[in-house]
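Just so it is clear, none of the values below were taken in a lab; they were calculated from the coordinates. Because the structure is predicted, anything quoted here is derived from the model rather than measured. So basically every Cβ, Gly included, is an ideal-geometry build from the backbone, and we count neighbours across all protein chains shown.
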Amino acid sequence: MKRVPAPAHLRGSGQLGAVTLDWTAVPWSTMVDHYAVYAATGGSSYELVGKTVYPHFVHRGLGFSGVRRTYRVVTVDAAGATSAPSPAVAVTNLTSVTVSGRPIARVGQYDGKGSEFALSPNHSADYPKTFPADVDYTYGTSVPNQDWCYLLPGPSDKWAGSKNHRVRFRFDLDAVPAGDLDLALWLIDSHATIPGSAVLSVNGREVERLTFPAGATKGSLIADSTYPGSPLKPAYLERPLPRSLFGPGQNTVELVKDQGSWIAFDAFGVYGRG
């Protein structure tokens, strides 16, 4: 009997809350039903973590502290026969700055929910009258459920005026930071087809353009991505902010949504290192 070929060249990369695996597909002469992906942590035995028909798999829901896992993949053909396991690869998911760092200023709880913000969970149509000049939030003074909207609309959103929108996040520092800081921007969801991008600036200096992954277009109506079966697609963006951008007194981090449609916030904050 012809042996089922094993996947080759398994490789992986760690992200926040996830690990992405890729491998070389077996030859077309093999009638593949699926690939079975197995993972082991520490000295534990391998457990099935997913199946896919593609030579690509994302292992999600891994939390935000880095854990080293060993993966291997098995080919399963149309008759149910299995290959030997692929050579193993060890991958560690990234540790979030919300775990490794110390919070300097933040709005939201980093809990997969946006219910603590203004207009949540489904009153986005009230944005133009509630935030006619967009969001301008001062840490320690402003109130999340009044002063920070659960959505940041973009120019593709007719209900918000088909124009660019921004959030300004202000906080005080006693002095220039001793080291670089980090931005932690977590989303519970975004628009499925036109999530677009936004320009990130600190104290009027552009840092970079943030591109948002496609979501599920449900976060404008639902505030919780954590319950079983939730249709939302969270995303986690964390970026370094050079210390040279900051000064003593009030500092402002600004996000200008000038491309695409809305994003739905989980939390937004600035963290120190160590």
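All alpha carbon pair distances within the stretch 99-272 were sorted into 10 Å bins beginning at 0; the resulting P(r) in whole percents reads 11, 41, 36, 11, 1. Between the C-alpha center of the stretch 195-273 and that of the stretch 21-41 there is a gap of 35 Å. Residue by residue, the stretch 257-274 carries 3J(HN,Hα) couplings of 8, 10, 9, x, 9, 6, 10, 10, 7, 9, 6, 9, x, 10, 10, x, 9, x Hz when phi is fed to the Karplus relation 6.51 cos²θ - 1.76 cosθ + 1.60 (θ = phi - 60°); x denotes Gly or Pro. Relative contact order of the chain, taken over Cα pairs closer than 8 Å and 6 or more residues apart, is 20 percent. Taken over the chain, lysine pairs spaced eight or more positions apart, or on distinct chains, with alpha carbons under 15 Å apart number 7.
Sort 211-218, 237-244, 259-266, 224-231 by packing, meaning the average of other beta carbons within 10 Å per residue, with the highest value first. Mind showing how you got there, number by number?
Numbers: 211-218: 18.1, 237-244: 15.1, 259-266: 26.2, 224-231: 12.6.
The densest-packed peptide leads the list: 259-266, 211-218, 237-244, 224-231.
Positive contributions from Lys and Arg (+1) and negative ones from Asp and Glu (-1), summed over other residues with Cβ under 15 Å from the Cβ of Tyr54, come out at 0. Derived value for the stretch 8-92: Kirkwood hydrodynamic radius 13.1 Å. Basis is the mean of 1/r over every pair of different alpha-carbon atoms.
All C-alpha to C-alpha distances of the stretch 76-142, sorted into 5 Å bins beginning at zero, yield P(r) values of 3, 10, 12, 14, 12, 8, 7, 6, 6, 7, 7, 5, 2 percent in whole numbers.
The DSSP beta bridges internal to the stretch 99-272 are antiparallel in roughly 90% of cases. Computed on the stretch 119-166, with alpha-carbon pairs under 8 angstrom and 6+ residues apart, the relative contact order is 37 percent. Ordering Ser201, Ser45 from the fewest to the most neighbouring beta carbons within 10 Å gives Ser45, Ser201.
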